[in-house]
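Here the structure is laid out as structure tokens; the discussion comes afterwards.
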């Protein structure tokens, strides 16, 4: 009987057909793009889709890139354990998309860059560019390994698919269409995978609503279980999720992802006009809100069904990230192919994120590390190098998947990684964009201070996990379970790794319940503020106020802001008529016109 615990039905033949068909379809997109663009084998075509993409596919790709298998599996589990507070991230998404579109996109777009870290060299120095690139590479490989491993682990124990076989298959498929088709293959595959992810959520919600007698009953069950109390205005920064931590900390965290992360920037600067680039971010916002809402409704549906028999406490699953796959096999096994659609949805998210990461890693490696040293490489050599790097980074991400098993809940771990590393990086960019007095010494010092603080608190919180008093898990029941063999499991800190679910260190240091218990959503804010403040102080002490001949294009302009752009109040006197048309979204991508990757760096450097 559904919702009473015990084993669930295995995958059927039709489920395997749907699942495998999806993976093969993704590979086919890469092959199609490779054949279609075989006569345009330039680096700009491979890494930026020829800079002629339009808003709709890019917007859907932006959503799919980070609304990954982690979202498919982690967000419903979040709603099940902690309620709907996570839904407030919709406000953070709105702020992030608007700020990125109206502040960061115009600056990066007019600079005609391929790697977002080119800005760091032009504004500060080459060592800072290399440092920023290196930090991003480490962050992306770790995150991508987690994206590959966590869904594979959860689904392996439900579907009986071989864990490492699935891991390798996932990586190989991504390598194929990344190395052959480049960014166009990644974007168009993301579009297909986004549709599949949403279809998987709809299938779960629809079937769950039928079993519970409608969505109204699901909502009522969630209310009785305390799952609808989203607005917690407690200002305590140690509380895991409050209104303030999600709105403030969450906004900064997602801004570090969308505004300066190469995987995202690489997409919107591939658009053929500035208007299309901005529009892609607003389309992305709609996609993010729809995906978030469907994921949360899936979690509430899962709670409604298991409100009296929690599979985790009952021992039917070993981690909370296995809850939604378990639910799918419990309620959809009578519909051959539908469980396979859900598995395809989770892996579609994984494929989209991995492919995006691989393509971005290739871009920053080529533009930031190789081409500045080897300026005489031909287009053919660069193209072969790009394909080789795709294979290398794909294999490396697969190898890093094992490390990700130590990170706990996939959703929190993903945001923690971006907070710890993305926060200081965001601070570095804001230091360069907003403050004319900041110099390379201050930038380097600020970045180091920010990283030290965020890594200190982030790693400490993994070792000394916050108590239930700080994380606020909601109560669960097993009164209607058929089997109670696993009731010894605790739910004190369900977002941590399986190892720490049953025990914590006997001796907790003084910082464990204060500094190490800081909400993971404040990691990015801490890193950003520490980088900006320390960077300005060091810059002031090392002659930053005496800087001259700083290229104004490297700073945020009034004309970049939508309020001045629309009202025609820009006071920039050196903007040409053509550039003005581009700012108002009518010109073709300037980086696509006479694009020359080997001379671009030297031309931009002479502007300084």
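Read-outs throughout are calculated quantities, based only on the coordinates presented, and are distinct from any laboratory measurement. Computed from a prediction, not measured in an experiment: that's the story for all the values here. As a convention, Cβ positions derive from the backbone with ideal geometry for all residues, glycine included, and neighbour counts pool all protein chains shown.
Ranked by how many other Cβ atoms sit within 10 Å of their own Cβ, fewest first, the residues 241, 381 fall in the order 381, 241. Considering only the Cα atoms of region 329-392, their convex hull presents on average a projected area of 5.7 nm². Neighbour counts of C-beta atoms inside 10 Å place 358, 260, 130 in the sequence 130, 260, 358, starting with the fewest.
In region 93-152, the C-alpha radius of gyration followed by the widest Cα-Cα span (Dmax) gives 14.8, 41 angstrom. Were the residues from residue 370 through residue 558 laid out at 0.36 nm apart, the gain over their Cα-Cα distance would be 64.2 nm. Taken over region 267-344, the ratio of Cα radius of gyration to 2.2 N^0.38 Å equals 1.58. Taking all Cα pairs closer than 8 Å and separated by 6 or more residues, the relative contact order of region 268-365 comes to 11 percent.
Pairs of Cα atoms under 8 Å, at least six residues apart: use those to get the relative contact order of region 180-321, whole percent. Numbers along the way, then the final one.
Working: 65 pairs, mean separation 44.2, N = 142.
Averaging sequence separation for qualifying contacts and normalising by length gives 31 percent for region 180-321.
Listed from fewest to most Cβ neighbours within 10 Å, the set 243, 104 follows the order 243, 104.
Mind grabbing the base-10 log of I(q)/I(0) for region 184-340 at q = 0.10, 0.16 Å⁻¹? Debye formula, identical points on the C-alpha positions, no solvent, two decimal places. Listed by q, the Debye log ratios stand at -0.52, -1.12.
Taking every C-alpha pair closer than 8 Å and separated by at least 6 residues, the mean separation divided by the residue count of region 409-463 gives a relative contact order of 43 percent.
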